[in-house]
Amino acid sequence: MTAPKLPPRLSATLSEEINVAAEAWLWLKTNLAHLTGAMAVLVIGVILARVLSKWADRALTGSERIEPTVARFLSNIVKYALWVVVAITVLTQFGVQTTSIIAALGGLALAVGLALQGTLSNVAAGVMILIQRPFRVGEAIAAGTVNGVVQGIGLFTTEVLQHDGLYVMVPNNELWNKPIVNFSRMPTRRFELLIGIGYDDSIETARAELLALAGADARVLAEPAPVVFVSALADSAVTMGLRVWCNTSDYLALSWALTEAAKQRFDEKGITIPFPQREVRALPVRS
């Protein structure tokens, strides 16, 4: 009894499938060593990448010198860089030429960098701000047209609450490229009061009264000692200067108090505070 013949089309399909299976088996036997090496590299690489990324994350986030935002950012960079290295190494074990892939990734990174030039500059400025710490959350700063208390620092922007109650979100690049004045960083500040007296008034009397005002206020620090000096000989007044040091937290209230007290004390002692005067003379008109 003879076996039934298969239709020609079915026979050709079966033959092709057998050939594909045979070629696959042959490729598997030929490249078994590469496959084993690639799998070993993949497993070891994944384990090492996880261990190193966790170690880097703990080291960065646990450091008191690095802000949490920067620590997370750098930790993610380390993690993704390790994954890229593992992927390229595995592809190399399979015999893939990774040179062209690396070149393509470099070109893609360059294109993305050019497209996001402004955004990346803000990220770079944010990283520098978080590392250098010219200001921290809760500190009062002035930079360019921005003047207020820092509410939050991110990689792209910094949030500032101005003294007039307005909320401002400032790109980090705008802050980093300008001189930053930090009003809260130092524990003490110097206050200078300039007040004019008449040319007929005694400089020594005004000096004694201003020093007495400074000594009577407990917020004025003994060191450095208060100083009174003649600042300028103006057109209508002798400008006296009073310099005192105080704690930063007392600066605003002390400046208001000393300015008001100086006016009241000079009024009590009969020391005049001249205002600018101009003498206008009308020339006779000749007929």
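Side notes on the structure shown:
- Placing a pseudo-label 7 Å from each Cα along the Cα-to-Cβ vector at residue 281 and residue 88 gives an inter-label distance of 8.7 nm.
- Using a simple spin-label model with pseudo-atoms 7 Å out from Cα toward Cβ, residue 177 and residue 233 lie 4.8 nm apart.
- Under-5 Å amide H pairs with residue 199, H placed in peptide plane, nonlocal only: 238
- Extent along principal axes [Cα atoms of region 149-257; Å; largest to smallest]: 59, 33, 23
- Extension reserve of the residue 163-residue 119 stretch, reckoned as 0.36 nm per residue once the Cα distance is removed: 13.0 nm
- Spacing of the modelled spin labels on residue 192 and residue 205, each 7 Å from Cα toward Cβ, amounts to 2.7 nm.
- Karplus-derived 3J(HN,Hα) values for region 249-264, using 6.51 cos²θ - 1.76 cosθ + 1.60 with θ = phi - 60°, are 5, 9, 4, 5, 5, 5, 4, 5, 5, 5, 5, 5, 5, 5, 5, 5 Hz; glycine and proline are entered as x.
- Cα gyration tensor, region 135-182 - rounded (a/c under 1.5), prolate or oblate: rounded
Every number here is computed from the coordinates shown, using simple stated rules; none is lab data. Predicted model only: the values in this text are computed from it and were never measured. Backbone-built Cβ (ideal geometry, glycine too); neighbour counts: all protein chains shown.
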